[in-house]
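The values are calculated or read from the model by the stated rules, or taken from the named source; none is laboratory data. Remember, it's a predicted structure, so these values are computed and weren't measured experimentally. Neighbour counts are summed over all protein chains in view; Cβ atoms, including those assigned to glycine, are modelled from backbone coordinates with ideal geometry. All accessible areas refer to the heavy atoms of the entire protein, side chains included, with ligands and DNA or RNA removed. Shrake-Rupley method; radii C 1.70, N 1.55, O 1.52, S 1.80 Å.
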Amino acid sequence: MQDETRRAARLYDATAVRASGVVLRAYSTSFGLGTRLLGGPARHDIESVYALVRLADEVVDTYRGPDAGEQLDELEAQVARALVTGYSTNVVVHAFARAARRTGIGPAEIDPFFASMRADLTVQEHDRASYERYVYGSAEVVGVMCLRVFLNADRRPGDPVVEPPASTVTGARALGAAFQKINFLRDLGADGGELGRSYFPGVEAGTLDDADVRTVLAEVEQDLALARAALPDLPPRARCAVEATLALYARLLADLARTPADRLATQRVRVPGPVKAVVVGGVVVRTLGRQAVAAARPVVGRVTSRRRQA
């Protein structure tokens, strides 16, 4: 009977993970391409993180019903309970809680995230302080969640959770911020027209001009520089996946930079699927090349040493 119960529990766990993967593939091709470069445990945990974030985002961006605040509160309560018990009847929450318990994701990341999601229900324009709080909660802590997944991908039951060094946290937060600001520019029309929101401080919905865009682009470049500086500290497969996702967003950023502000307000800039495949393929080839060179160096060194001895 115990064996049967364990099999049933494993089936539920696996089903929850698969459901999170379905959410990711349905909503994000760019993020999905990057996750394919990860090993199984890390890929599944990243899918679980993404699915929960998407679930909350759907409440505030798509549903927006009169009880949206209550729905968001209930989702947050489900997450809190599942972090304690390791179980939820909501399969997305269940998968996220399993990933969080395994990788050390906790209130330090989850609470600011839900605070930012809640702000979307009430705040339509931001000043600098509220903008920075929003970006931190909606994106930077998600970057830290992903970092925790990468560092604990090979953790076994009973092993201590690997805590991320400060330098990698800085990079993860910067990468999350960069991606969010790029998304703000890409979704300018929907945010300003359909949702009546303006995320950029001091800018009313629908009034972003070319000078404002240049300011945002400069912020993003600074964020990306911090993120790239932390890449060498990531595990190899995680570094490859992050580099691929970063390359996709860098391509999107270049396209956004070439698009006038008035067109950004009416047209969602996209990177075509075939171009995404080429960009990711280039990153993989470069990564394999680096690994081959690194593997060859000790061999070359030994051969050179033997020749000198001879």
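Selection of first residues in the range 255-268 that are farther than 16 Å from residue 215 by Cα and open to solvent by 20 Å² or more (accessible area, probe 1.4 Å) and of second residues that are assigned to a loop (DSSP other than H, G, I, E, B) and acidic (Asp, Glu), restricted to Cβ pairs under 8 Å at least 6 apart or on distinct chains, gives the following pairs, ordered by first then second residue: 268/187. Taken over the range 129-152, residues that are surrounded by fewer than 22 Cβ atoms within 10 Å (Cβ to Cβ) and acidic (Asp, Glu) amount to 1.
Take the range 52-106 and flag every residue that is hydroxyl-bearing (Ser, Thr, Tyr), part of a helix (DSSP H, G or I) and within 30 Å of residue 155 (Cβ to Cβ). Of everything in the range 52-106, those that are hydroxyl-bearing (Ser, Thr, Tyr), part of a helix (DSSP H, G or I) and within 30 Å of residue 155 (Cβ to Cβ) turn out to be 85, 103.
Residues of the range 1-58 that are touching a residue at least 40 places away in the same chain (Cβ under 8 Å), within 22 Å of residue 172 (Cβ to Cβ) and in contact with a Ser or Thr (Cβ under 7 Å, 6 or more places away or on another chain): 20, 30, 31, 34, 45, 46, 47, 48, 51. Exactly one residue out of 162, 142, 93 is of a type outside the set (D, E, K, R) and in contact with a Ser or Thr (Cβ under 9 Å, 6 or more places away or on another chain), and it is 162. Only a single item in (1) assigned to a helix (DSSP H, G or I); (2) closer than 29 Å to residue 35 by Cβ; (3) of a type outside the set (A, V, I, L, M, F, W, C) is not met by residue 214, and it is number (2). Among the residues of the range 103-122, those identified as more than 22 Å from residue 170 (Cβ to Cβ) and touching a residue at least 12 places away in the same chain (Cβ under 8 Å) are 114, 117, 118, 119, 120, 121. In the range 214-233, the qualifying residues are those that are over 27 Å from residue 151 (Cα atoms) and not polar (S, T, N, Q), and the one that is most open to solvent (accessible area, probe 1.4 Å) is 214. One residue stands out among those in the range 153-205 that are over 28 Å from residue 217 (Cβ atoms) and touching a residue at least 60 places away in the same chain (Cβ under 8 Å): the one that is surrounded by the fewest Cβ atoms within 10 Å (Cβ to Cβ), which is 154. Put simply, of 242, 284, 271, 278 the only residue that is modelled with pLDDT of 80 or more, hydrophobic (A, V, I, L, M, F, W, C) and in a loop (DSSP other than H, G, I, E, B) is 271. For the range 1-59, filtered to residues that are modelled with pLDDT of 95 or more and touching a Leu at 6+ places or on another chain (Cβ under 7 Å), the residue that is most open to solvent (accessible area, probe 1.4 Å) is 55. Return yes when residue 271 is in contact with a Lys or Arg (Cβ under 8 Å, 6 or more places away or on another chain) and under 20 Å from residue 223 (Cβ atoms) and no when it is not. In short, yes.
Restricting attention to the range 121-162, the residues being acidic (Asp, Glu) and modelled with pLDDT of 95 or more number 2. Would you mind stating whether residue 99 is open to solvent by 40 Å² or more (accessible area, probe 1.4 Å) and among the small types (Gly, Ala, Ser)? So residue 99 does not fit the description; no.
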